Amino acid sequence: MHPEHARLLADLERLAPPVERRPPPGYLGQGSHPLLGVSVPARRDLAKAWAGARKAAPPAEVLAVVESLFAGASYDEKTLAPLILAAHRPARLAVRPADVRRWLGGLVGWAEVDHLCQSLFPADQLLADWPAWGGLIAGLAADPAISRRRAALVLLTGPVKASADPRLRDLAFANLEALQGERDVLITKAVSWLLRSLVARHPAAVAAYIEAHGAALPAIALREARAKLATGRKAARTPA
C-alpha cells in the first residue's frame with residue numbers, strides 16, 4: 001500500500017458512519033468489497049483537497065497513489081481513485097487504455113465501474129489516441145466479465161453526447177448491437193443510457209437503429225430511447 005493511500009484510507013475511515021449505519025453488503029453491486037459508507041460528496045471533497053495540494057506533482061506520482069487505491073479492499077478506496085483523477089487533470093491525461101483495462105479487473109458492479117467510466121475520459125482524450133482507446137472499448141464488449149462489458153457502453157456515454165465524431169458514434173452502435181441481447185440489469189440499463197446519450201448528436205441514427213433492432217433491444221432501452229427522441233427526456237411526462 002502506498003503511504004498516501006494509507007493516509008487517505010485513514011481519512012475515509014474517519015468520515016465513515018458507524019458500522020451499524022452502513023449500507024448492507026452488495027448494496028451498490030460491489031460484491032464482496034467492503035462498503036465503508038462514505039458519501040459521494042465527502043469522497044469528492046477528500047479527492048479535491050488531496051489533488052489540490054499536489055497541483056504541481058508529476059502525474060506519475062499521483063498515478064502511483066491511484067493505482068494503490070484501485071487495488072484497495074473497499075468500495076470507498078476503489079471509487080476515491082477516479083475522483084482523484086477527475087480532480088488532477090495532468091494525471092487523468094496521463095492515463096492510458098491499458099491502465100483502464102487493468103483497473104477494471106478489480107472493479108465489480110455498476111457503481112464501481114461507473115465511477116471510473118462515466119464521463120471521466122472526454123471525447124478529445126479518446127480521439128487523441130483513438131486506435132488504443134477504440135481498441136480497448138471494442139474489446140471490452142466481448143469480455144467474459146459483465147462489469148467490463150458494461151464499461152464498453154458507459155465509457156462512450158459522455159463522449160458521444162459531447163462530440164459528433166463518427167468514430168465514437170460507430171463504435172457506440174457496434175457495442176450496442178453486440179450487447180443488446182443481454183438481459184442482466186447491468187447491461188440493459190447501460191444500453192438504454194448509451195442510446196439516450198446518442199440522441200443528443202445523432203437523433204436520426206438512433207431512430208433508425210431502434211426501428212431496425214426494436215425486437216432485440218431490452219424493453220427499458222426501447223421505451224426510454226423513444227421517450228428521449230420524442231420529448232428530450234428519459235421518460236415521457238405523466239399527465240397531471
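The values are calculated or read from the model by the stated rules, or taken from the named source; none is laboratory data. This one's a predicted model, so the numbers in the text were calculated from it and none came from an experiment. Positions of Cβ are generated from backbone atoms using ideal geometry, with glycine treated the same way; all protein chains shown enter the neighbour counts.
Below are the figures for this structure:
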| read-out | value |
| --- | --- |
| Arg43 within 19 Å of the chain's Cα centre (by Cα), in a helix (DSSP H, G or I) and closer than 20 Å to Glu67 by Cβ | yes |
| Condition check for Asp184: among the acidic types (Asp, Glu) and within 18 Å of Pro122 (Cα to Cα) | no |
| When residues of the stretch 203-233 are limited to those that are in a loop (DSSP other than H, G, I, E, B) and farther than 25 Å from Arg148 by Cβ, the one modelled with the lowest pLDDT | Arg233 |
| Any chance Glu224 is among the acidic types (Asp, Glu) and in contact with a Ser or Thr (Cβ under 6 Å, 6 or more places away or on another chain) | yes |
| Selected residue (criterion: surrounded by the most Cβ atoms within 10 Å (Cβ to Cβ)) from residues of the stretch 109-132 that are more than 19 Å from Ser197 (Cβ to Cβ) and modelled with pLDDT of 95 or more | Glu112 |
| Residue that is nearest to the chain's Cα centre (by Cα), among those in the stretch 112-142 that are farther than 27 Å from His33 by Cβ and touching a residue at least 40 places away in the same chain (Cβ under 8 Å) | Pro122 |
| Tabulated pairs, the stretch 202-229, first farther than 19 Å from Leu168 by Cβ, second assigned to a loop (DSSP other than H, G, I, E, B), C-beta under 6 angstrom, 6+ apart or interchain | Ala216/Gln180; Ala216/Gly181; Leu217/Gln180; Leu222/Gly214; Glu224/Lys234; Ala227/Ala235; Ala227/Ala236 |
| Residue list for the stretch 202-221, restricted to those being buried (at least 19 other Cβ atoms within 10 Å of the Cβ) and farther than 13 Å from Glu177 by Cα | His202 |
| Qualifying position, being of a type outside the set (A, V, I, L, M), exposed (fewer than 15 other Cβ atoms within 10 Å of the Cβ), outside the structural domain of Ala56 (by TED's automatic domain parsing) and in a helix (DSSP H, G or I), among Gly158, Gly135 | Gly135 |
| Residues satisfying the stated conditions in the stretch 204-220, i.e. within 23 Å of the chain's Cα centre (by Cα) and within 19 Å of Pro159 (Cα to Cα) | Val206 |
| Identity of the residue in the stretch 15-42, at pLDDT 85 or above and among the polar types (S, T, N, Q), that ends up surrounded by the most Cβ atoms within 10 Å (Cβ to Cβ) | Ser39 |
| Residue in the stretch 82-111 that is nearest to the chain's Cα centre (by Cα), counting only those that are of a type in the set (A, V, I, L, M) and closer than 16 Å to Pro34 by Cα | Ala111 |
